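A.B. asks: Quick one: the structure is below, questions incoming.
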Amino acid sequence: MPRGVGFKGTANWLSVQAREEMAHAVHMYQQVLDRGAAPLLLAIGAPGGTFSGLTDVFEKILAHERGVTARINHIATLAMQEGDHAGYQFILWYVGEQLEEEANDTDILNKLEWIGDNRGLLLNLDKDLATRVYANPFPTDVKLSGGAPAMA
Ligand SMILES: [Fe+2]
């Protein structure tokens, strides 16, 4: 990655993704509370600090998402085996979400492979990633939005 080049569009995309992940965490936290249990939040390790380029960034993101997908699928399997229909319905949303997240990361990686060393196209991709806007994934969930209930 050339020094002195800030990929602000990519930073925007990742920032929006991080906000979405935080919304997922609160959603899961709320689900645990709703089921009468106490969520246990443990420390997580610091992310890696250096990357060789955007391809390296998105390869690491995709690898991480695949690990998350495996854990989500495991939860879905356990819920099914336990006959926990509410838990199964809850986690199915995340099964679909993981499919979407892996597809998004794969799409960006495919574009990066196609772009290769073409800096103009790389800056164009960065411009595209700058257009991503955060949208609450659970807009009708009053507990998470903190706002008034949606009017019918
Ligand atoms: Fe994710």
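A.B. asks: Can you name every residue in the range 12-32 that is at pLDDT below 95 and away from the ligand (no atom under 16 Å from the Cβ)?
C.D. replies: Of everything in the range 12-32, those that are at pLDDT below 95 and away from the ligand (no atom under 16 Å from the Cβ) turn out to be Gln30, Gln31, Val32.
A.B. asks: Give the residue, chosen from Gly36, Gly96, Gly9, Gly45, that is away from the ligand (no atom under 16 Å from the Cβ), outside any loop (DSSP other than H, G, I, E, B) and either touching a strand residue (DSSP E or B) at 6+ places or on another chain (Cβ under 7 Å) or among the small types (Gly, Ala, Ser) (or both).
C.D. replies: The conditions single out Gly9.
A.B. asks: Between residues in the range 58-74 that are in contact (Cβ under 8 Å) with a residue 40 or more places away in the chain and under 14 Å from Asp107 (Cα atoms) and residues that are more than 10 Å from the ligand (Cβ to nearest atom) and not polar (S, T, N, Q), which pairs lie under 6 Å by C-beta distance while being six or more apart or on different chains?
C.D. replies: What qualifies is Phe58/Ile108; Phe58/Leu109.
A.B. asks: When you scan the range 127-148, do you find a residue that is farther than 23 Å from Met22 by Cα, hydroxyl-bearing (Ser, Thr, Tyr) and modelled with pLDDT of 95 or more, even just one?
C.D. replies: no
A.B. asks: Please count how many residues of the range 61-93 are in a helix (DSSP H, G or I) and among the acidic types (Asp, Glu).
C.D. replies: 2
A.B. asks: Of all residues in the range 99-128 being of a type in the set (S, T, N, Q) and either assigned to a helix (DSSP H, G or I) or in contact (Cβ under 8 Å) with a residue 60 or more places away in the chain (or both), which is nearest to Val26 (Cα to Cα)?
C.D. replies: Asn104
A.B. asks: Let me ask something else. Which numbered condition in (1) surrounded by 11 or more Cβ atoms within 10 Å (Cβ to Cβ); (2) without any contact (Cβ under 8 Å) to a residue 60 or more places away in the chain is the only one that Tyr94 fails?
C.D. replies: (2)
A.B. asks: Within the set of pairs 6+ apart or on separate chains, which have a first residue in the range 15-44 that is touching a residue at least 40 places away in the same chain (Cβ under 8 Å), a second that is of a type outside the set (Phe, Trp, Tyr) and assigned to a helix (DSSP H, G or I), and C-beta atoms under 6 Å apart?
C.D. replies: Cβ pairs passing all conditions: Val26/Leu144; Gln30/Lys143.
The values are calculated or read from the model by the stated rules, or taken from the named source; none is laboratory data. Since the model is a prediction, treat every value here as computed from it, not as a measurement. Cβ: placed from backbone, ideal geometry, glycine included. Neighbour counts: every protein chain shown.
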